[in-house]
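Please read the structure below before turning to the comments.
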Amino acid sequence: MSFRMRLPSADYFSDLMKAVQAVVDEGTFKIDQEGMKLIAMDPAHISLVDFELSSSAAEEYVCEGELQMTVSISELMKFLKRAKKGESLTLSYDEGAKKLELTLVDATGSREKIFTLNTLETVEARSVTPRLSFDAKARVGVDAVKDAVRDSGVVSDYVKITINPDAVVFLAKGELGTVQTKLSKMGAAVYEIEADKEVWAHFSINYLDKIVKPASSLSDEVVMQLSTNKPIKLSFPIPSGRLEYLIAPRIEGA
Amino acid sequence: MNLAEAAERIRMAIRSKEFLVIVGRMEVNYEGRASSTLGSGDRVLMIKPDGSVLIHRPTGYEPVNWQPPGSKIEVLLDDRLVIEARRVKPREILRIIFSKIYDVSSYKLRDEAEFAMYATEEDMRKAILMKPSIIEDGFKPIERERKAGDIGFIDIFGVDSAGRLVVVEIKRRNATSEDVKQLVRYVEKIEEEFGKRPRAIIVAPGVQRSAARELELYGIEFKALSPRRCAEILREGKGLERFLK
């Protein structure tokens, strides 16, 4: 069985893979007529990425049946880094040969580069998007979140994220002192808050930063969903696809 | 310390296979798969009884130069003190040239402890308490470190799905016949206290052959569980899994 997908921009796919790499280094993609999907947790099982690129993102999309492809994302990134601006990308995978071919073609069609990546033994992948319910939701500018996370990192490894009906608050406490960022509902960085009450939980700054940084080059906003002492869901709206993350909270004494 | 005196001490220590630590001002040259030189500076040289050689600079956690176990060490003395660590295959020479020696110490070191890479017995106990079903379905822990008369402490004391008492003994290595005997003594103490015989389970990665017979003889059960699996359970307990049911 095989699959072939031609994307107008190699850069875009490269950014998507960077966003997946924030959670996993080795990933199993499930590919079918609808598109390619990957749901995976990091080795410490603290974060999860739920990625989908639908066939409508492709100029050309051919997939016979259902197949799985396991690749080292860092190896794939080595190839994708060679893509120049304006180059298109065609991915083609032959399940039997266990090889993924990446073809980069420049805008004028005068040069074609073909990279072949050996894929890995397929491991049975998670296929169901986890369902969790959340008590609060906020749609926020991604740069404001990125800054808030980084500012928190000055004093601590953890940040308390609070969503209340009026604001999204990031609070970090360390030996050095405290850092607080308040993004008010009235302000420009907050597009929407849906919350009846205040909810909060603590998260690792390392994980937040690893995720928010690459995702910020794909989306201008992030939807944060939260319940007290429960995982946070970060959804980055992307065209013809899905890019969502879950991060486990840090619970005192656990 | 003068160089001649130091050379004598170093030779003695190497001959008697001692762990050697030399602090001094040195230059280092390496020839082999590559070649490198490191100019004069204050560093710590360690020579281990197995022939491993490590040179540490004042900062950083990694040695700046090293030779693997099995290197042959030679000490030469003229106006400077030179230590050479040679390997034949691949041919590698690490040459350390001392202009000053601040200190030489050597030790007969003993270290037979096992490196617990995944989980300690305490971690295994935590993992079982966190997820008792890894012992068996329906197992409920009641107490940990429960006193068994005056002979010791039971790792985990609980009840099974049928309501019978269960004594659990945890080992991170294969269970020995000594472990079985110890568990039998706990069983007897619990029987004295409650008037009925509890079930007894040894939880360990495996059972030594000599102990296998005794398990059967005393009616002790065995449940395979590795420290590695316990480490995974503890890790899952901290992560997302507990929210994704």
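The values are calculated or read from the model by the stated rules, or taken from the named source; none is laboratory data. Quick caveat, the model's predicted, so the values are computed rather than measured. A quick note on method: Cβ atoms are made from the backbone with ideal geometry, for glycine too, and the neighbour counts reach across all protein chains shown. Quick note on the areas: whole protein, heavy atoms, side chains included, nothing else; ligands and nucleic acids left out. Shrake-Rupley method; radii C 1.70, N 1.55, O 1.52, S 1.80 Å.
Listed values for the range A:92-104 are Karplus-derived 3J(HN,Hα) couplings in whole Hz (6.51 cos²θ - 1.76 cosθ + 1.60, θ = phi - 60°), namely 9, 10, 10, 4, x, 7, 6, 10, 10, 9, 10, 10, 10, and x replaces Gly and Pro. Take the alpha carbon atoms of the protein assembly as shown, find their radius of gyration, then divide it by 2.2 N^0.38 Å using N residues; give the quotient. Ratio of Rg to 2.2 N^0.38 Å for the protein assembly as shown: 1.31. Under the convention that each Lys and Arg Cβ holds +1 and each Asp and Glu Cβ holds -1, the size of the dipole of chain B around its Cα centre is about 500 debye.
Using a 1.4 angstrom probe on heavy atoms only, work out the carbon and sulfur share of the accessible area of the range A:34-120 in %.
Details: 1950 of 3890 Å².
Accessible surface attributable to carbon and sulfur in the range A:34-120 totals 50 percent.
Loop-located GluC sites (Glu not before Pro) across the range A:94-167 with a Cβ neighbour count of 13 or fewer within 10 Å are A:Glu121, A:Glu124, with loop assigned by DSSP. Mean projected area of the Cα convex hull of the range B:79-135, taken over all directions, amounts to 9.1 nm². Highest average first, the peptides B:221-232, A:143-154 ordered by how many other beta carbon atoms sit within 10 Å of their residues are A:143-154, B:221-232.
Mean residue ellipticity at 222 nm, helices only, chain B: -8000 deg cm²/dmol; runs of at least 4 DSSP H residues each add -39,500 (n - 2.57), and the sum is divided by the number of residues. Dipole orientation for the protein assembly as shown: of the candidates A:Ala144, B:Leu45, A:Ile211, B:Leu45 has the Cα lying most toward the positive pole (charges on Cβ; Lys, Arg +1; Asp, Glu -1).
Each 5 Å bin from zero holds the following percent of Cα-Cα pairs in the range A:67-190: 2, 9, 13, 10, 8, 9, 10, 14, 13, 8, 3, 0.
How much length is gained on full extension from A:Thr178 to A:Ser56, taking 0.36 nm per residue of separation minus their Cα-Cα distance? Write out the running numbers ahead of the final one.
Numbers: separation 122, 0.36 × 122 = 43.92 nm, distance 4.61 nm.
Answer, rounded to one decimal: 39.3 nm.
Computed with every protein chain present, the accessible area of A:Trp200 is close to 80 Å² [probe 1.4 Å].
Model label points for B:Asp137 and B:Lys108, set 7 angstrom from Cα along the Cα-to-Cβ axis, are 5.9 nm apart. Taking the empirical scaling 2.2 N^0.38 Å for compact globular proteins as reference, chain A has a Cα radius of gyration ratio of 1.09. What does the structure give for A:38-49 when I average, per residue, the other chain Cβ atoms found within 10 Å of the residue Cβ? That works out to 3 on average.
How about the range A:72-109: which trypsin sites (Lys or Arg not before Pro) there are in a DSSP loop, with at most 16 other Cβ atoms within 10 Å of their Cβ? Please list the in-between numbers first.
Details: sites: A:Lys78, A:Lys81, A:Arg82, A:Lys84, A:Lys85, A:Lys98, A:Lys99; in loops: A:Lys81, A:Arg82, A:Lys84, A:Lys85, A:Lys98.
Here the trypsin sites (Lys or Arg not before Pro) that fit, given the DSSP loop and packing criteria, are A:Lys81, A:Arg82, A:Lys84, A:Lys85, A:Lys98.
Give me log10 I(q)/I(0) at q = 0.13, 0.22 Å⁻¹ for the range A:2-118, Debye formula, one equal scatterer per alpha-carbon, no solvent. Log10 I(q)/I(0), no solvent term: -0.47, -1.37.
What is the magnitude of the charge dipole of the range B:3-107 about its Cα centre, with +1 placed on the Cβ of each Lys and Arg, -1 on the Cβ of each Asp and Glu, and no other charges, expressed in debye to the nearest 20? Display every interim value, and only then the final one.
Details: 17 positive and 14 negative charges, 70 e Å.
For this selection, approximately 340 debye.
Which order do A:Asp32, A:Asp50, A:Asp220, B:Asp42 take when ranked by solvent-accessible area (1.4 Å probe, heavy atoms of all protein chains), largest first?
Details: A:Asp32 30, A:Asp50 5, A:Asp220 125, B:Asp42 65 Å².
Sorted by accessible area, descending: A:Asp220, B:Asp42, A:Asp32, A:Asp50.
Got a sec? Which residues in the range A:227-251 would a label at A:Thr129 touch, if it sits 7 Å along Cα→Cβ and we count backbone N under 17 Å? Taking a point 7 Å out along Cα→Cβ of A:Thr129, the residues of the range A:227-251 whose backbone N falls under 17 Å are A:232-247. Counting only Cα atoms, the range A:136-247 measures 45, 30, 26 Å along its principal axes, largest extent leading. Computed about its Cα centre, the charge dipole of the protein assembly as shown is approximately 1020 debye, with only Lys, Arg, Asp and Glu carrying charge at their Cβ.
Between A:Ala40, A:Ala167, A:Ala215, the residue with the greatest mean-square fluctuation in the GNM of chain A (Cα pairs under 10 Å linked by springs) is A:Ala167.
Students often get this wrong: which residues of the range B:122-162 have the backbone nitrogen under 12 Å from the point 7 angstrom along Cα-to-C-beta of B:Arg235? In the range B:122-162, the label zone of B:Arg235 (backbone N under 12 Å from the point 7 Å along Cα→Cβ) covers no residue.
With a simple spin-label model that places each label point 7 Å from the Cα along the Cα-to-Cβ direction, the separation between A:Ile114 and B:Ser161 comes to 5.8 nm. Of the GluC sites (Glu not before Pro) found in the range B:89-133, the ones in coil according to DSSP and having at most 13 other Cβ atoms within 10 Å of their Cβ are B:Glu112, B:Glu114.
What is chain B's relative contact order, in percent, from Cα pairs under 8 angstrom and six or more apart in sequence? Once normalised by length, the contact order is 14 percent.
Which three semi-axes in whole Å describe the equivalent ellipsoid of chain B, each the square root of 5 times a Cα gyration tensor eigenvalue, listed largest first?
Details: eigenvalues 626, 86, 47 Å².
Each semi-axis is the square root of five times an eigenvalue, giving 56, 21, 15 Å.
Placing pseudo-labels 7 Å out from each Cα toward the beta carbon at B:Lys223 and A:Lys185 gives an inter-label distance of 5.0 nm.
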